[in-house]
Amino acid sequence: MMNSLRLVRSTHAGVGDVDVRMMQRAILLARSAALAGEVPIAAVIYRGDEVIAEAANTREREADPTGHAEIVAIREAGRKLGEWRLEGCSMAVTLEPCPMCAGAAVNARIAKLVYGATDPKAGACETLYKIPGDERLNHRCEMHGGVLSNQCVELLRAFFRERRAEQKRAKEAARAADAARDTRSSLPTDSSTNTTRRSA
């Protein structure tokens, strides 16, 4: 997958070229998730330029409300490293983590958290809450938002645009089916026609 990534230089202070490449990798994973019917969000956990774990959303496939990309990737990274402390690891995720995922990043001791699009409805890094940077907690993550945000936002917009179109097509098909049933039910049956003929 990394061979298909085009090098994009970082323009964010504190964000290196490796961070940008990992975000590009997450975007590719998110696109694959969209094709599988999942909301296109993905996360990559890495140490230096080594990928430790990566995942996309699995909520629909697994019917798991905790199946967010960050949670799945953190679990996989812990299994791969053989420990729950992911010290020295960074995580790139296409959408600003929610409270659950931001808390998981803190508990996993993620060193740096890089995300793409902000989430006005559930963002818990800087938008609604600032969990990874909360000084009251026993660990804080270095945070950088807005990395390749345009690509991340467009992924989500395209996905929900297509979902709305599918829902509209489904409603139109249901209305057409209802109309066809109503038409059939209003037609005279053979028995009623025969009765009419006999009485005549």
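Here are some notes:
- Across region 49-59, a minimum of one residue is classified as surrounded by fewer than 24 Cβ atoms within 10 Å (Cβ to Cβ) and farther than 26 Å from Glu142 by Cβ.
- Inspection of region 117-128 finds no residue satisfying the criterion of being farther than 18 Å from Thr94 by Cβ, outside any strand (DSSP E or B) and not hydrophobic (A, V, I, L, M, F, W, C).
- Region 144-164 residues that are closer than 12 Å to Val93 by Cα and of a type in the set (Val, Ile, Thr), paired with ones that are open to solvent by 30 Å² or more (accessible area, probe 1.4 Å) and at pLDDT below 95 (beta carbon under 8 Å, 6 or more apart): Val147/Ser10; Val147/His12
- Applying the criterion of being out of contact with any Leu (no Cβ under 9 Å at 6 or more places or on another chain) and of a type in the set (A, V, I, L, M) to the residues of region 156-166, the residue that is surrounded by the most Cβ atoms within 10 Å (Cβ to Cβ) is Ala158.
- Qualifying residue in region 136-146 (condition: in a helix (DSSP H, G or I) and surrounded by 16 or more Cβ atoms within 10 Å (Cβ to Cβ)): no
- For region 81-132, a residue qualifies if it is under 18 Å from the mean Cα position of the chain (by Cα), open to solvent by 10 Å² or more (accessible area, probe 1.4 Å) and in contact (Cβ under 8 Å) with a residue 12 or more places away in the chain, and the qualifying residues are Leu95, Cys98, Pro99, Met100, Gly103, Ala104, Thr118, Asp119, Ala122, Thr127.
- Thr193 being at pLDDT below 85 and among the β-branched types (Val, Ile, Thr): yes
- Any pair with Cβ under 6 angstrom, 6 or more apart, that starts in region 5-33 at a residue that is open to solvent by 10 Å² or more (accessible area, probe 1.4 Å) and modelled with pLDDT under 95 and ends at one that is acidic (Asp, Glu) and assigned to a helix (DSSP H, G or I): Ser10/Asp17
- Residue match in region 61-69 (condition: buried (at least 22 other Cβ atoms within 10 Å of the Cβ) and either within 18 Å of the chain's Cα centre (by Cα) or closer than 27 Å to Asp17 by Cβ (or both)): yes
- For the criterion of being of a type in the set (A, V, I, L, M, F, W, C), closer than 24 Å to Arg163 by Cα and at pLDDT 95 or above, Ala43 passes.
The values are calculated or read from the model by the stated rules, or taken from the named source; none is laboratory data. Remember, predicted model here, so these are calculated numbers, not experimental data. All Cβ positions, even for glycine, are placed from backbone atoms using ideal geometry, and neighbour counts span all protein chains on display. Just the protein is used for accessible areas: all its heavy atoms, side chains included, with ligands, DNA and RNA removed. Shrake-Rupley method; radii C 1.70, N 1.55, O 1.52, S 1.80 Å.
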